[in-house]
Structure formats: C-alpha cells, structure tokens
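Below you will find the structure I want to go over with you.
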C-alpha cells in the first residue's frame, strides 16, 4: 500500500514541478510587467488557486503538493521581495531621474530665460549706447555747424567791412579827385578867361589901330600906313605869336635859347593854308610842335581889316621866329 502510494506520488511529482515552474515563470513575467504597470496583488492566490484545484487528488498527493508549494513559496518569497525591492528601487531611480530631468529642464529653462534676459538687456544697452552715440554725433555735428556758421558770418562781416571801407575810400578818393578836378577846371577857366580878356584887349587895341589905318580915303590910308605900318605889322605879328603860343604844346626837348623860323601862308580872310620850317632849331620835336601850333590856330579874322595890297605885301607869306621862352 505504501509502495502504491509512493509510486502514485512519484507519478505526480514531475507534473507538479512543471506546474510550479510554470507558475513561477508566470509570476516572474508578471513581476517584470509590474515595472511598466500599476502594482498588482501578489501572485500567491494564483498558486493557492492552483493548489485548490488539486484538492480533489489524493491526500498524499495533496500533502506532497502542499509541501512542494510550501517549499516553492519559501523559495519564491525572498525572490519576490528582492524583485519588488529592485522594482521599487528602479521606480525610485526612474522617479529620481524624472525629477533630475525635471530639475535639469527647469534649470535649463531658467538659464535660457536668464540668457534671453541678458541678451535682451545687452541689446537694450547696445541700443541705448547707439542712441547715445547718435545723439553725441548729432550734437557734435550741430556744434560744428554752428561754429562754421559763426565763422562764415565773421568772415562775411569782415569781408563786408573791407568792402565798405574800400568803397568808402574809393568814394573819398573820387570826391577828392572831383574836387581837385573842379578846382583845376575852375583855375583853367579863370586862366582862359583872363587870357581871353587879355587877348580881347589886345585885339581891340589892334583893331582900333587897323581901323585908324584903314579909315577915310586911300590917301589917308597910305599916310597912316606910312606912319603906322610898322606899328600895325608889329601888332599883327604879336597877335600871331600869341595865338601860336596859346596852341603850342611844349615838348620835353624844348630848352631856353632855341629858335625856329616858320613860313606862314594865309588867305585874305585870315585862313592859314600852310606852315613850314624855313630855318630849323636843330631839334625836330620842337620844330614840329611849332608847326602844329600854327596849324592849330586855323584862322586869324583880324587879317580881313587889311587892304589887299597891304595883306599881299606883308601877310600873304609871313615869316615868324618862335622861341620857347617867348
């Protein structure tokens, strides 16, 4: 009987071992799945359920099964605890890693935020510095423009003052020149008037002598000509010399002691038709100036008061000696 029970027990040993191993494997798989799923109740009820299903077997088999299950439970309990601790440790490590990642992410975000703030502050500072530099350059340009404007205004004022002074000096010089010219003109006019008065007096005197010479009858004229011929000729010669002197322009070469003899040809109305040098002074400019002075006289109206015979004999061709000192 014992032998029969023993053979029956041995016949159930390996199936039970396989069943227990299978359950252990399933338990291990469930334990591994715990790391990725919520914690589940221990797998002990599964073994108990399995054992419960075997209650219908014989008592020996039941005892053997219970003994094997107890041994398996004793063996698997520390392993389960170890695995649970490892799972917890893994979860704690995972949680710690998550916390570390969270802290690192927060730190990185804070650093990024600080970097962005620093960058923004740097950009703001750079913009402020740029604005300050632009303002400084604008102030410098404005100051330089003001200085240039002041300098230009000073130069313009100086130039205007110089122009005004120059204009005033020119006006003063013009006034002075005009005054001198007016004074000179007045002196010349006074001189001309005096000379004209003097010449008029001489002409009147000569005219009176000629009138006396040419008045009454021919016999009286002849008597007066005989008596006053030299005087009248001398008066006309003086008139001719005076007229030549008035129209004479003194050359640079004229000197005291020079003399030139001129041949003057006239018409009865006193018009001078020609003037030439009959005896030179030896100085051509002086000779030419004397000839030009005679030609500038043009006409001597007093010659019309002479009778034709006297004119032809004395003044048709008349020689005159001209000297600088005269």
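What pairs come up if the first residue lies in segment 20-42 and is assigned by TED's automatic domain parsing to the domain that holds residue 82, the second is assigned to a loop (DSSP other than H, G, I, E, B) and at pLDDT 80 or above, and their beta carbons are under 8 Å apart, counting only those six or more places apart or on different chains?
From residues that are assigned by TED's automatic domain parsing to the domain that holds residue 82, there are no pairs.
So, one more: Regarding residue 274, is this residue at pLDDT 85 or above, loosely packed, with under 14 Cβ neighbours inside 10 Å and touching a helix residue (DSSP H, G or I) at 6+ places or on another chain (Cβ under 9 Å)?
The answer is yes for residue 274.
Output the residues belonging to segment 257-291 that are part of a helix (DSSP H, G or I) and under 25 Å from residue 313 (Cα atoms). Steps first, answer last, please.
Just the residues of segment 257-291 that are part of a helix (DSSP H, G or I), to begin with: 284-291.
Answer for segment 257-291, where residues must be part of a helix (DSSP H, G or I) and under 25 Å from residue 313 (Cα atoms): 290, 291.
Residues to consider are 285, 268, 324; find the one that is buried (at least 18 other Cβ atoms within 10 Å of the Cβ) and out of contact with any strand residue (DSSP E or B) (no Cβ under 9 Å at 6 or more places or on another chain). Give the steps one after another, and end with the answer.
Values: 285 fails: buried (at least 18 other Cβ atoms within 10 Å of the Cβ); 268 fails: buried (at least 18 other Cβ atoms within 10 Å of the Cβ).
Checking each option against the conditions leaves just 324.
The values are calculated or read from the model by the stated rules, or taken from the named source; none is laboratory data. Everything quoted here is computed from the prediction, not taken from an experiment. Cβ: placed from backbone, ideal geometry, glycine included. Neighbour counts: every protein chain shown.
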